[in-house]
Each structure stands twice: as C-alpha cells, then as structure tokens.
Amino acid sequence: MGEAVYPVPSEWAQNALVDAAGYDEMYRQSVENPEAFWAEHGQRLDWIKPFTKVKNTSFDEADFGIRWFEDGTLNLSANCLDRHLATRGDAIAILWEPDGPMKADGGGEPHREITYRQLHEDVCRFANLLKAKGVQKGERVTIYLPMVPEAAVAMLACARIGAIHSIVFAGFSPDALAGRITDCDSRIVLTSDEGLRGGKKVPLKANVDEALKQCPGVDTVIMLRRTGADVGFVEGRDVDWASAAAQQSADCAPEEIGAEDPLFILYTSGSTGKPKGVLHTTGGYAVWASMTHQYVFDYRPGQIYWCAADIGWVTGHSYVVYGPLMNGATTVMFEGVPNFPDASRFWQVVDKFKVEIFYGAPTALRALMREGDDWVTKTSRASLRLLGSVGEPINPEAWEWYHKVVGDSRCPIVDTWWQTETGGAMITPLPGATPLKPGSASRPFFGVKPALLDNDGALLEGATDGCLVITDSWPGQMRSVWGDHERFFQTYFSTFKGMYFTGDGCRRDEDGYYWITGRIDDVINVSGHRMGTAEIESALVAHSKVAEAAVVGMPHDIKGQGIYAFVTCNVEVEPDEALRRELVAWVRHEIGPIATPDVIQFAPGLPKTRSGKIMRRILRKIGENDVSNLGDTSTLADPSVVDHLLKYRAF
Ligand code: PRX
C-alpha cells in the first residue's frame, strides 16, 4: 500500500506566508548562510541594544559553546506586551476558558478576556511585587500553578525583571516539586490554593506546604486564590497574590537583558539520573519561538489561536505564552481537560471562541477518537483552518481521524517534532508549502540541519533509518543544564562527536521526509510526557519492600507508550495484588499521576550479565510483546530468570 499524500490546498499555496518554492529558497539561505539569514530574522524582535554578532557556536569539545546575538540586549516581556500597546492595546491577548463550561441556566464560571493593555498592567504590578519581595535579576522563581492567566502573568513578570522562571507541572508530587526547588536553589514559590482539572480539585498549596518541609531555603510563597478553599497560610512566608499585587504600581520599566542571559529553566527527564534543568536564554529563544509560531501556524494578527498544552511543559512556554504573544496573537488558555464534562469539550470551546488554529497532542486525539465521531460532528468547527500535533508520533489512523472528522478534510495538519531542549519546532510542515504524509513530521524548519547516523556514528544518506542528530546550532537551542554544564555536553554532544544527539530514532524516505520512530534511549513517552525509566525505578526501589526494579515502555492504545515495571521484592516479602496496588500508589505519590505504572510484574530476579548489568534489551522486548527472538542470552548469569519472566509476563 502506498503512503497517502495530501497536497497543499490551493488556497493555502496562494495565500500562505511561504509556498513550496518560498520554503526551498528560505531553507537554502538559512543553511548556506546562517549568519546573514539570522541577522535578518533577528530583526523581528525589538532590541534595546541591537546585536552586531549573530552566531558563535561550536559543538566540539575543545571550543564548545552556544551563543546567539550575544552582544544584543532586549526584554522579552516588552516584546510580548509593550510593543503591541500602540497598535493592539485593546486586542485580546489571552482568552481564558475555565475547567467547567457555563451552564444553560447561566450558572457556572464565565470565561475571561484579557487585553494586551490589561495584561501589561497585571505583569507590571506582579513584577513590582516580585521586586518588593527582593527578587533579583538572575534569581530563580518556581511556578507551580494551574492553567490560569496568572501563570502567564508570572512568567512575563519574571522575564520583565530578568528573574529565571522554573515552572513545575501542577500534576507533580510534593517530592518532585521539592527536588526541582532545591536543584535550582529557588527561595520563592508561586502557587494557588487549589487547581481545578476535569471537575476535580488538586491540592496545590498543600503540596507546596509538604514540599517546603524539605526546602528550608524558601522564604516566600505567593498564593493565588483559585477555588477559595480553606488552606494553610504561614504568616511571614505566605502572601496573598491578589491583594499584594493590587498594592503595587502598574508601572515597571522592563529591565535590559542580555541575549544570552537565562530566561527559564524547565526540568525534563533524561535516560539517567534525576531530571535535568534545561536552560534557555533570552534572545535566541525569543527569535525561535516567535518565528516558528508565525511560520508553522501561518499566524496573522487577529486570528484566534489555541494551543491546548499545559504551561508546565515546553509547548506551553513556547506556544501558549511566548510565541503567540510576541506575534500579537489572541491565545486561548484552557484550564480543563478534553473529556470533561464530556468528549465534545474541545470542539465546543473551538466554536465558542471561533478558534482558527488548534494545536494538540495525539494522546488526547486518540482518547477522543475512541469516544466516537458524534461528539465532534455535533459541533460546527467551521472556524478551524489549521490543525497541529505535538509531543509524540501521531499514528496515521489518528492523523486521518483528526483530518477528516475534526478538520472536515479542510484543514492541513502540522505535525511538529521538537523537544524541551530545542525551544521550538524543528521538523514540521509549513501549511502553504509542504504536502502532508500522515505520521511524518516532514521537513526541517529554517536553519535546522538534521542527519541520520548508524550506531557507530557513520553518516547515512538517502532513504534510511537511523539515529536523529542535528549537525549545527539553531537560535532556540538550550544552552546548558542548570548547575551542570558538563552534563549538558556529555548528554547531548558526546555520543556523536560534534553533533547534537536528539535521543530519537528516525526514518527518512525517498522524498526527504522525516518520520520520527520514538526514543532510542531509556526515555519513554507517556501521553506525550517524557519519563525517564531511571526515575520511576528509583521511586520503586525507595519503597521498603522493593529490592530492585527495571522499567521499560510498552505499547498503549491511548497513551502511545505505557509503563511496564519489573519488580524484585526483598526476600521476606510475598508479592501479591495488595502490594501491586500499594506500589502503584507509591509511584504516584513519589512522582505524580503521570508516572502511574500500567503493569507491575513481580520477578524473583532480573536478567543480569555476569558483571551484574541488567540486560534491558530482554525486558524491552517483553514490554513490547515481541518475545519471539530475545537475542543472545548466553551471557546471562542465570538464564532461567528469563523463563520466569516470560511465563508471568503481562501479555
Ligand atoms: O521523542 C520525541 C517526542 O517527544 C520528545 C520530546 O519530548 P519533550 O521534551 O517533552 O517535548 C515535547 C513537546 C515538544 C522527542 O524527543 N516528540 C515530540 N514531538 C513529536 C515527537 N515524536 C514524534 N512526532 C512528534 N511530532
């Protein structure tokens, strides 16, 4: 069966920012002469002091360093807000939709419309509040908030004064939060009394109080009242957000920030150790987030744009807040979930706000697809022009459903491949330029030089499978791991010398289209969220009854990948169903619900080589339910371990 190809619809080819020829030409310029290309496109920002140097980057150990626009200065909050006030001050910046919809009888919570002028004022007041609390340029501010406009206010206020924000997804546990606060040495935490998601309350303030038992360095907690719940309030430490912000002046001059000064830290899972603080700086990130947002979504001011990601993930940073606001967009911010109160919710919000561009995750689409087409088709969706996908491979079946049922066969789909580390989209169609193949992220964005290597690092040409690397720097690239620059180099630039290693496997077809096949390291992608298997393993072994654990991915219809854990208990323990449930609850408590194991298989032993190394290859095969050929097991210390694993495996 040949692959389906969806040509660029003619109205897109005619009206889009770039057509096919335009893409070819711009791409060629961007890789042949990056200096000139980025000198030109760097002008899209308002600089305080214009840059004279464009690109100063090396992936080689001897002179390793990544610097873009390094002598320029700017303020990102001014680029998101102040620059729009004269022309678009009364345009809506944020359209916020609460967790629950309005009821037919007029009950329920209304949505909020926040203009650029209002947002500017809110950000200035909050920036002044941070300053009043002693927050200095370069200091880390931890943000643990639900999807409310104040989260964007907090981010922009940090950017305004040059503080570095570190957002911790509000689904993470107190332990996970504490680890992140400690790692970046943050003494201030922003949170709310509770969060609301899918009609359920999330005890955010209680989680903060719990986490702070481990974080003696935190002296200030600013708490937003979201539900009005009666929560703990520590005098001298805790501050009521609304009343404290209201006392501040609405005037706050933006700080002059160097292009290479840090903007934010975002923790993400890797194949080893605890999550790393991915560090992004200001100038290059801003160019990348705004430019990709404009071209990938063909964004024009005035259009209503909705990225359904949470601000706790990089997609929320780049495509709910920074990218759209730099481009003067109206960005929808949604507090809820796709299936509450029912599976029409997304499309009802689309109709309510006349959303033109919708950007979501395959896992949500697969979950909605399972509920049947009626939930979609009973809504209009006539406003939609363009759809996007992000976070994990989208299977062709879900792609076709998205295209046909959600988009009424009318809207192109941009399947954007990128990572927390890359700052913004890297391999992606452009809607006016790229014929689409369901399941392929297609072609590189301007300035991105992908390559495929074999396991020995040899460059592969033409149609082939391989390890995906990027051979040269792009402005949105992460600059370091917070507090551990050496780990940054080791993680990304030592596997294949002189190249950025993505951790993804990939196929390139005869048309030069890239098809991401998934992680090839010990990272699994659960519902579009990255989990290090090592992290889940260390949570499991922290339980007093567990001696050893190994975690691998498994195919999952909705989540893409599920979590399959092999657990060896201490000798005196008799594993049973109750213990299984206890361990599931334990991992949820240690990390958060996103790390919930789907399968726990008890095993008297794990397959180890004589030198004591766990042979993960075998476990991965069991997790993938592909046990016909386990490969060479002769080097195992005790090959009979495998028989037990196979006999009691989950599938
Ligand atoms: O494996 C790739 C997958 O998600 C990983 C990055 O995860 P994270 O840093 O959490 O960022 C997610 C949001 C950008 C990648 O290494 N991934 C992301 N987008 C796609 C994807 N896999 C296939 N297709 C995509 N469009």
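Tabulated results
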{"quantity": "Residue match in the range 36-44 (condition: of a type in the set (K, R) and buried (at least 19 other Cβ atoms within 10 Å of the Cβ))", "calculated": "no"}
{"quantity": "Count of residues meeting criterion [without any contact (Cβ under 8 Å) to a residue 60 or more places away in the chain and part of a loop (DSSP other than H, G, I, E, B)] in the range 543-561", "calculated": "3"}
{"quantity": "Matching residues in the range 235-269 - criterion: being among the acidic types (D, E) and either farther than 22 Å from G316 by Cβ or touching a Phe, Trp or Tyr at 6+ places or on another chain (Cβ under 6 Å) (or both)", "calculated": "E235, D238, D240, D251, E255, E256, E260"}
{"quantity": "Residue satisfying all of: in the range 506-531; more than 11 Å from the ligand (Cβ to nearest atom) and assigned to a strand (DSSP E or B); surrounded by the fewest Cβ atoms within 10 Å (Cβ to Cβ) among these", "calculated": "R507"}
{"quantity": "In the range 375-410, the residues that are part of a loop (DSSP other than H, G, I, E, B) and within 16 Å of the ligand (Cβ to nearest atom)", "calculated": "G391, E392, P393, I394, N395"}
{"quantity": "The range 373-394 residues that are free of Cβ contacts under 8 Å to residues at least 40 places away in the same chain, paired with ones that are in a helix (DSSP H, G or I) and within 16 Å of the ligand (Cβ to nearest atom) (beta carbon under 9 Å, 6 or more apart)", "calculated": "L387/Y402; L387/H403; S389/P362; S389/L365; S389/A398; S389/W399; S389/Y402"}
{"quantity": "Failed condition for G498, given (1) within 15 Å of T57 (Cα to Cα); (2) crowded, with 21+ Cβ neighbours inside 10 Å", "calculated": "(2)"}
{"quantity": "Tally, over the range 311-342, of residues that are over 19 Å from L119 (Cβ atoms) and in a loop (DSSP other than H, G, I, E, B)", "calculated": "9"}
{"quantity": "So G407, is it touching a strand residue (DSSP E or B) at 6+ places or on another chain (Cβ under 9 Å), surrounded by fewer than 23 Cβ atoms within 10 Å (Cβ to Cβ) and within 25 Å of L387 (Cα to Cα)", "calculated": "yes"}
{"quantity": "Top-ranked residue in the range 304-331 [being of a type in the set (S, T, N, Q) and in contact with a strand residue (DSSP E or B) (Cβ under 7 Å, 6 or more places away or on another chain); ranked as farthest from the ligand (Cβ to nearest atom)]", "calculated": "T330"}
{"quantity": "Residue within the range 596-607 that is among the charged types (D, E, K, R) and out of contact with any Lys or Arg (no Cβ under 9 Å at 6 or more places or on another chain) present", "calculated": "no"}
{"quantity": "Counted residues, the range 476-505 - those being part of a loop (DSSP other than H, G, I, E, B), within 16 Å of the ligand (Cβ to nearest atom) and of a type in the set (G, A, S)", "calculated": "1"}
{"quantity": "In the range 221-250, the residues that are outside any loop (DSSP other than H, G, I, E, B), crowded, with 18+ Cβ neighbours inside 10 Å and touching a strand residue (DSSP E or B) at 6+ places or on another chain (Cβ under 8 Å)", "calculated": "V221, I222, M223, L224, D238, V239, W241"}
{"quantity": "Some residue of the range 360-375 being surrounded by fewer than 22 Cβ atoms within 10 Å (Cβ to Cβ), under 18 Å from the mean Cα position of the chain (by Cα) and either among the charged types (D, E, K, R) or over 17 Å from T292 (Cα atoms) (or both)", "calculated": "yes"}
{"quantity": "Among (1) surrounded by 20 or more Cβ atoms within 10 Å (Cβ to Cβ); (2) touching a residue at least 60 places away in the same chain (Cβ under 8 Å); (3) touching a Pro at 6+ places or on another chain (Cβ under 8 Å) - the single one P435 does not satisfy", "calculated": "(1)"}
{"quantity": "Verdict on A170 being small (G, A, S), at pLDDT 95 or above, out of contact with any His (no Cβ under 8 Å at 6 or more places or on another chain) and crowded, with 23+ Cβ neighbours inside 10 Å", "calculated": "yes"}
{"quantity": "Residues within the range 360-378 that are β-branched (V, I, T) and under 21 Å from W417 (Cβ atoms), tallied", "calculated": "1"}
{"quantity": "Within the range 562-619, tally of residues that are in contact (Cβ under 8 Å) with a residue 40 or more places away in the chain and of a type in the set (A, V, I, L, M, F, W, C)", "calculated": "13"}
{"quantity": "Sole residue being aliphatic (A, V, I, L, M) and within 30 Å of L365 (Cβ to Cβ), chosen from A585, A547, A542", "calculated": "A585"}
{"quantity": "Per-region count, the range 276-305, residues surrounded by 24 or more Cβ atoms within 10 Å (Cβ to Cβ) and at pLDDT below 95", "calculated": "0"}
{"quantity": "Every pair of residues 6+ apart whose Cβ atoms lie under 9 Å, when the first sits in the range 506-523 and is within 13 Å of A463 (Cα to Cα) while the second is within 9 Å of the ligand (Cβ to nearest atom) and modelled with pLDDT under 95", "calculated": "C506/T517; R507/T517; W515/P393"}
{"quantity": "Residues of the range 290-310 classified as charged (D, E, K, R) and either in a helix (DSSP H, G or I) or over 23 Å from F264 (Cα atoms) (or both), total", "calculated": "2"}
{"quantity": "Subset of the range 628-651 [more than 22 Å from I600 (Cα to Cα) and among the charged types (D, E, K, R)]", "calculated": "D632"}
{"quantity": "So G439, is it farther than 19 Å from I520 by Cβ and either within 16 Å of the ligand (Cβ to nearest atom) or modelled with pLDDT of 95 or more (or both)", "calculated": "no"}
{"quantity": "Residue ID - farthest from L81 (Cα to Cα), chosen from residues in the range 1-60 that are assigned to a loop (DSSP other than H, G, I, E, B) and polar (S, T, N, Q)", "calculated": "N33"}
{"quantity": "Criterion (surrounded by fewer than 21 Cβ atoms within 10 Å (Cβ to Cβ) and either free of Cβ contacts under 8 Å to residues at least 40 places away in the same chain or part of a strand (DSSP E or B) (or both)) met by exactly one of T182, T191", "calculated": "T182"}
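Quick grid of which residues meet (1) under 22 Å from V153 (Cα atoms); (2) more than 16 Å from the ligand (Cβ to nearest atom); (3) among the polar types (S, T, N, Q):
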position: P262; (1), (2), (3): yes, yes, no
position: S290; (1), (2), (3): yes, yes, yes
position: D298; (1), (2), (3): no, yes, no
position: G302; (1), (2), (3): yes, yes, no
position: F346; (1), (2), (3): no, yes, no
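For (1) of a type outside the set (A, V, I, L, M); (2) farther than 19 Å from S440 by Cα, each residue gets a yes or a no:
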site: R508; (1), (2): yes, no
site: D511; (1), (2): yes, no
site: V523; (1), (2): no, yes
site: M531; (1), (2): no, yes
site: H543; (1), (2): yes, yes
site: A549; (1), (2): no, yes
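The values are calculated or read from the model by the stated rules, or taken from the named source; none is laboratory data. Given the structure is predicted, the values throughout are model-derived calculations rather than measurements. Don't worry about glycine lacking a Cβ; one is built from the backbone with ideal geometry, like all the others, and counts go over all protein chains shown.
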